[in-house]
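Read the structure below first, then the notes.
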Amino acid sequence: MSENTLYDKVWDRHEVTELPTGQTQLFVGLHLIHEVTSPQAFGMLRERDLDVAYPERTYATVDHIVPTADQSRPYSDDAAEEMMSELEENVRAANIDFADPTTGRQGIVHVVGPEQGLTQPGMTIVCGDSHTATHGAFGALAFGIGTSQIRDVLATGCVAMEKQKVRRIEVTGELDEGVTPKDVILQVIRKLGTDGGVGYVYEYGGEAIRDMDMAGRMSICNMSIEGGARAGYVNPDETTYEYLEGRDRIPDGEEFEELKSYWESIKSDADADYDDVVEIVGDELEPTVTWGTTPGQGIGISEEIPAPEDLPEDKQDTARSAQEHMDVEPGDTMAGYPIDVAFLGSCTNARLPDLREAAEVVKGHEVHDSVRAMVVPGSQRVKAAAEAEGLDEVFKEAGFDWRGAGCSMCLGMNEDQLVGDERCASSSNRNFVGRQGSKDGRTVLMSPPMVAAAAVTGEVTDVRELERFEEVRA
């Protein structure tokens with residue numbers, strides 16, 4: 001009788017051979033590329049006079065450096081224009097489908113893959129980007145890879161990897177109003193640590209996960225890498241299939257039903273054997289924000305910032321330096337922490353449901369005088385859909401800057417950056433020192449509704465206490 005996880009099943013079905021190094025050579029079903037990590041890999045292919053083995057399994061977009069305010073060419077930033085031009089040349093020569101900004105399909109690589117049906121259950125997916133784990137929300141094995149691995153996948157359609165252990169993270173119960181998947185994953189990382197997942201992939205399950213839409217599941221899997229895990233995934237179910245049906249790369253009719261049958265077969269067995277199981281009690285969670293400079297330094301909005309001496313010894317020095325950088329004090333809560341910038345975007349939280357949730361909070365309010373706020377949709381399709389619903393007008397009337405699609409202030413590789421020691425309420429995934437473009441900038445990670453609440457109050461605020469949210473909840 002089978003006792004296999006989805007990870008075991010998909011891994012085994014894509015195994016080509018065991019290499020002398022002890023690694024497994026895995027066949028790759030989908031290779032996503034963008035402008036930052038692919039140029040060197042293409043250069044390595046040219047040096048060896050090699051072609052791209054499976055251009056039809058490769059898909060390109062531009063996201064990290066693309067401007068979000070003005071996308072006219074040439075870009076004002078010379079380095080950005082050079083990277084864009086090189087990507088254009090590489091995909092043209094290799095006959096790779098490219099979602100450039102003129103197509104209406106451009107966006108963050110981890111947003112466009114799912115929304116176009118490229119991402120499917122049971123696939124192996126790789127990309128030269130650490131947050132490739134996002135695609136695991138569909139029951140895929142999705143891994144971020146380095147430049148030499150990008151070269152290997154382009155040349156052979158395969159990647160060499162070591163098999164990991166599987167940790168099941170069971171999120172029980174029902175999330176309260178105002179508590180989102182972002183809060184769940186921040187609490188997972190807080191509990192297990194930023195290196196707690198080293199050597200593991202995370203399988204997420206339980207009532208709270210089953211109740212999430214696909215956007216929420218993608219947020220959870222996206223930040224698995226911030227907990228040190230090699231990947232994260234959710235077993236596919238009807239929510240998955242309803243999301244996928246009718247999308248660009250998804251067949252219809254009998255072929256779709258046949259795919260569903262296959263997708264069902266790769267789910268973890270009911271008696272699957274896990275290397276570890278962790279429980280998170282979902283109905284005990286509250287809106288969560290970070291107080292420090294790693295995603296693991298998070299607390300519920302009503303909780304006190306910990307004293308470094310109360311933490312494990314190996315975390316005390318990091319906590320002290322983080323609290324000095326963030327200008328926070330042990331014993332305080334993060335509620336009331338003033339902010340200068342509100343950023344709603346990133347591959348973690350820039351999908352249509354994220355924007356809808358934030359817009360519900362923003363309605364009837366204006367951005368605080370001390371705050372500059374921006375919304376950066378995850379893709380051109382997300383942007384168009386939001387505009388069709390009038391969400392852009394909600395944000396613009398409140399005083400938000402409505403931008404084009406891209407990674408934007410998540411990592412500050414374009415003009416969207418913090419200035420000096422600005423404090424930012426961010427829906428992104430990393431709060432490392434200098435992450436948003438300024439070594440003195442300070443980033444507080446939170447959910448989209450919490451970003452919206454901070455934007456209109458000028459400080460970190462429990463979204464459940466806003467008048468508009470009270471009305472919606474009632």
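Does any residue of the stretch 284-306 turn out to be part of a strand (DSSP E or B), more than 30 Å from Val66 (Cα to Cα), open to solvent by less than 30 Å² (accessible area, probe 1.4 Å) and hydrophobic (A, V, I, L, M, F, W, C)?
yes
If I filter the stretch 125-133 for residues that are within 20 Å of Ala215 (Cα to Cα) and touching a Ser or Thr at 6+ places or on another chain (Cβ under 6 Å), do I get at least one hit?
yes
Of everything in the stretch 116-150 that's in a helix (DSSP H, G or I) and not small (Gly, Ala, Ser), which residue is surrounded by the most Cβ atoms within 10 Å (Cβ to Cβ)?
Looking at residues that are in a helix (DSSP H, G or I) and not small (Gly, Ala, Ser), I get Thr134.
Go through the stretch 158-177 and give me each residue that's under 17 Å from Thr24 (Cα atoms) and open to solvent by 20 Å² or more (accessible area, probe 1.4 Å).
Residues satisfying the conditions are Ala160, Glu162, Lys163, Gln164, Lys165.
Do we have Glu226 as open to solvent by 40 Å² or more (accessible area, probe 1.4 Å) and assigned to a helix (DSSP H, G or I) here?
No: the conditions fail for Glu226.
If the Cβ limit is 9 Å and pairs must be 6+ apart or interchain, which residue in the stretch 271-289 that is over 23 Å from Asn429 (Cβ atoms) pairs with which residue that is part of a helix (DSSP H, G or I) and open to solvent by less than 60 Å² (accessible area, probe 1.4 Å)?
Partner pairs satisfying both residue conditions: Ala272/Leu6; Ala272/Asp8; Asp273/Asp8; Asp283/Ala208.
Could you grab me the full set of residues in the stretch 345-363 that are touching a Leu at 6+ places or on another chain (Cβ under 7 Å) and open to solvent by 10 Å² or more (accessible area, probe 1.4 Å)?
Correct list: Arg356 only.
Among the residues of the stretch 372-398, write down those that are in contact with a Gly (Cβ under 8 Å, 6 or more places away or on another chain), hydrophobic (A, V, I, L, M, F, W, C) and open to solvent by 20 Å² or more (accessible area, probe 1.4 Å).
Within the stretch 372-398, Ala384 is the sole residue that qualifies.
Could you list, ordered by first residue, the pairs with Cβ atoms under 8 Å in which the first is in the stretch 334-361 and on the phi < 0 side of the Ramachandran plot and assigned to a helix (DSSP H, G or I) and the second is open to solvent by 20 Å² or more (accessible area, probe 1.4 Å) and among the aromatic types (Phe, Trp, Tyr), at least 6 apart or interchain?
Within 8 Å, the pairs are Glu360/Phe469; Val361/Phe469.
For (1) basic (Lys, Arg); (2) touching an Asp or Glu at 6+ places or on another chain (Cβ under 6 Å); (3) over 30 Å from Met84 (Cα atoms), each residue gets a yes or a no:
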site: Val362; (1), (2), (3): no, no, yes
site: Met374; (1), (2), (3): no, yes, no
site: Glu387; (1), (2), (3): no, no, no
site: Asp392; (1), (2), (3): no, no, no
site: Ala398; (1), (2), (3): no, yes, yes
site: Glu415; (1), (2), (3): no, no, no
site: Lys439; (1), (2), (3): yes, no, no
site: Met446; (1), (2), (3): no, no, yes
site: Glu459; (1), (2), (3): no, no, yes
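In the set Glu170, Glu177, which member is modelled with pLDDT under 95 and out of contact with any Pro (no Cβ under 9 Å at 6 or more places or on another chain)?
Among Glu170, Glu177, only Glu177 is modelled with pLDDT under 95 and out of contact with any Pro (no Cβ under 9 Å at 6 or more places or on another chain).
Among the candidates Gly43, Gly29, which residue alone is more than 22 Å from the chain's Cα centre (by Cα) and open to solvent by less than 50 Å² (accessible area, probe 1.4 Å)?
So the residue among Gly43, Gly29 that is more than 22 Å from the chain's Cα centre (by Cα) and open to solvent by less than 50 Å² (accessible area, probe 1.4 Å) is Gly43.
The values are calculated or read from the model by the stated rules, or taken from the named source; none is laboratory data. None of these values were measured; they are calculated from a predicted model. Virtual Cβ from ideal backbone geometry, glycine too; neighbours counted across all protein chains shown. All accessible areas refer to the heavy atoms of the entire protein, side chains included, with ligands and DNA or RNA removed. Shrake-Rupley method; radii C 1.70, N 1.55, O 1.52, S 1.80 Å.
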